[in-house]
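Peer 1: The structure's right below; bear with me while I get my questions together.
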Amino acid sequence: MNESIKQELIKIVGGENYTERLIDLVSYSYDASEHFHRPWCGVWVEKVEQVSEIMKLANRERIPVIPRGSGTGLSGMAIPARGGIVLDLSHMNKIVKISIEDRLAVVQPGVIYATLEKALDPYGFFFPPDPASGKVCTLGGNVATNAGGVKGAKYGTTKDYVLGLQVVLPDGRIMRTGSKAIKSVSGYDLTKLFVGSEGTLGTVTEITLKINPKPIAASTGIGTFDSLEDAGHAVSEIMHSGILPSVLEILGRETLVAINKNTDLNLPEVDAMLLAETDGYTREETRYQMNKVIDIFKRNHAREVKEAGSDVEAAELWKARKSAYAVLARIRTHFVLEDVTVPISKVAAMLRGVNEIARKYDLQIATYGHAGDGNLHPQILYDGYDPDQVRRMEAASEELFKLAISLEGTLTGEHGIGLSKASYMALEHDPVAMDVMRSLKKLFDPNNILNPGKMALEE
Ligand SMILES: Cc1cc2nc3c(=O)[nH]c(=O)nc-3n(C[C@H](O)[C@H](O)[C@H](O)COP(=O)(O)OP(=O)(O)OC[C@H]3O[C@@H](n4cnc5c(N)ncnc54)[C@H](O)[C@@H]3O)c2cc1C
């Protein structure tokens, strides 16, 4: 970093909040994807005014700035692809206000998802998106990636809860969007524009979130299926049966086999296992819904169905799903975790297609995911030190994306575009949509300093 700019940055954040130490720069060069690139320096900020001053300086000097939460992104979104300054927001970690009577929470972006969950619990409220990384990821990161989770089919994703934002624009101006009212249709929806924008349009410095009363009862059940078609039909039938399960997860055969090889869970090695949870405010209500789910499992030729009779039994049924990512991550030196999403009725077709792609490229691809909203996670396992396997992995990823689009789905339901899927944006978005997205980027960030090189915004 140029010495005079370094001194200006230190003036803004203080010497203790500026770093060029190798250990920090290496940490900032990664997220949870396979990408890496080092920044020139990192700064920890505590106040919106500091973010504003840094953006003014960076805009004047044309230096890239990369907002960063916890770096758990799976698509290289927080990688400093062009070097520059990592703007670490993890010290802006205060819950500013919880207002139960207004059904909202106001938080700084560095608050960890689980911290808010814990703070809301005594009031009997929750913020539903529930990403699996909730113990470590930040709410700023959740907003910037529009994070979702296992409860998406019933509760939606982060975008359904963001009422308003404070954002620092790339030129340093501070802007407020939305309001503290539960509903507002005033003007363009600038709030939504920033949700899922992956830190390319502005830096989020305060978030107003709608919160929900927390259901106090839940029922859990599983069904195993010898055919993907039967499992797929069961998913569709459940989702239009008039009930809305809070969870409807699927684990494919490859995933079940891998879990069996690496744990003592001893799961049935069938084509698909479905895990369902119904929630509500009385046990009768959740049992009523679960009975319907179990009936649908049976009608669709489930080989076996099980319903948990207690919390301990429910935790047992959840073990397979909860262990999937970690078990699969350990099998090969490298993996990519995709999150293609298709209409609910196409889940079986997508799963069948994934199996065909795995055979074609002679790769192990294990799939699990949120069947209830069509969001599947094919995890491609490969040896990243073998160029032939890397080539096959890339070709298989591309075919997965093409298949999802051909089934009227999307490249990504949760993990974002970042660097990983930038070259596939045009598969999904027509030239006019791409042109509008690039024009928006130019409008907010004419000098292309905020998280440059992402989302194919430059071509
Ligand atoms: C084991 C594991 C499980 C996961 N499970 C899920 C899941 O269930 N659902 C899901 O959606 N994701 C999941 N993820 C992905 C990841 O956790 C989410 O994308 C999360 O929202 C990222 O938060 P973060 O704080 O780590 O953000 P980072 O990785 O630090 O940043 C992500 C993006 O947000 C931008 N950003 C961060 N903070 C701000 C801010 N304040 N203002 C503007 N831009 C900002 C960054 O520039 C970057 O583009 C998982 C990841 C892992 C490793």
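Peer 1: Within the stretch 43-61, is even one residue more than 10 Å from the ligand (Cβ to nearest atom), at positive phi and open to solvent by 50 Å² or more (accessible area, probe 1.4 Å)?
Peer 2: No: zero hits.
Peer 1: In the stretch 101-110, is there at least one residue being within 15 Å of the ligand (Cβ to nearest atom) and open to solvent by 10 Å² or more (accessible area, probe 1.4 Å)?
Peer 2: Yes - at least one qualifying residue is present in the stretch 101-110.
Peer 1: Without any contact (Cβ under 8 Å) to a residue 40 or more places away in the chain and hydrophobic (A, V, I, L, M, F, W, C): which single residue out of Val26, Val45 fits that description?
Peer 2: Val26 is the lone residue from the list that is without any contact (Cβ under 8 Å) to a residue 40 or more places away in the chain and hydrophobic (A, V, I, L, M, F, W, C).
Peer 1: Out of Ile95, Ile85, Ile174, Ile112, I need the residue that is of a type outside the set (Asp, Glu) and in contact with an Asp or Glu (Cβ under 9 Å, 6 or more places away or on another chain). Which one?
Peer 2: None of the others qualify; the one that does is Ile174.
Peer 1: Another one. Could you figure out which of (1) touching a helix residue (DSSP H, G or I) at 6+ places or on another chain (Cβ under 7 Å); (2) open to solvent by 10 Å² or more (accessible area, probe 1.4 Å) isn't true of Asp388?
Peer 2: It is condition (1) that Asp388 fails.
Peer 1: Please specify each residue of the stretch 170-196 satisfying the condition of being in contact with a helix residue (DSSP H, G or I) (Cβ under 8 Å, 6 or more places away or on another chain) and either over 21 Å from Gly418 (Cβ atoms) or of a type in the set (D, E, K, R) (or both).
Peer 2: Asp171, Gly172, Arg173, Ile174, Met175, Thr177, Gly178, Lys192
Residues checked against (1) within 9 Å of the ligand (Cβ to nearest atom); (2) closer than 23 Å to Leu9 by Cβ:
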residue	(1), (2)
Gly71	yes, yes
Leu74	yes, no
Ile85	no, yes
Met92	yes, yes
Val96	no, no
Ala114	no, no
Asp121	no, no
Pro131	yes, no
Ala144	yes, yes
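Peer 1: Right, here's the next one. Starting from residues that are in contact (Cβ under 8 Å) with a residue 60 or more places away in the chain and on the phi > 0 side of the Ramachandran plot, keep the ones in the stretch 417-459 and report whichever is surrounded by the fewest Cβ atoms within 10 Å (Cβ to Cβ).
Peer 2: The selected residue is Gly453.
Peer 1: Checking the conditions here, which among Thr224, Thr200 is within 16 Å of the ligand (Cβ to nearest atom), over 30 Å from Glu101 (Cβ atoms) and β-branched (Val, Ile, Thr)?
Peer 2: Thr200
Peer 1: If Phe401 satisfies all but one of (1) closer than 20 Å to Glu229 by Cβ; (2) open to solvent by less than 10 Å² (accessible area, probe 1.4 Å), what's the number of the condition it fails?
Peer 2: Going through the list (1) closer than 20 Å to Glu229 by Cβ; (2) open to solvent by less than 10 Å² (accessible area, probe 1.4 Å), Phe401 breaks only (1).
The values are calculated or read from the model by the stated rules, or taken from the named source; none is laboratory data. Given the structure is predicted, the values throughout are model-derived calculations rather than measurements. With ideal geometry, Cβ positions are generated from the backbone for all residues, glycine too; neighbour counts draw on all protein chains shown. The area values use the complete protein model at the heavy-atom level, side chains included, leaving out ligands, DNA and RNA. Shrake-Rupley method; radii C 1.70, N 1.55, O 1.52, S 1.80 Å.
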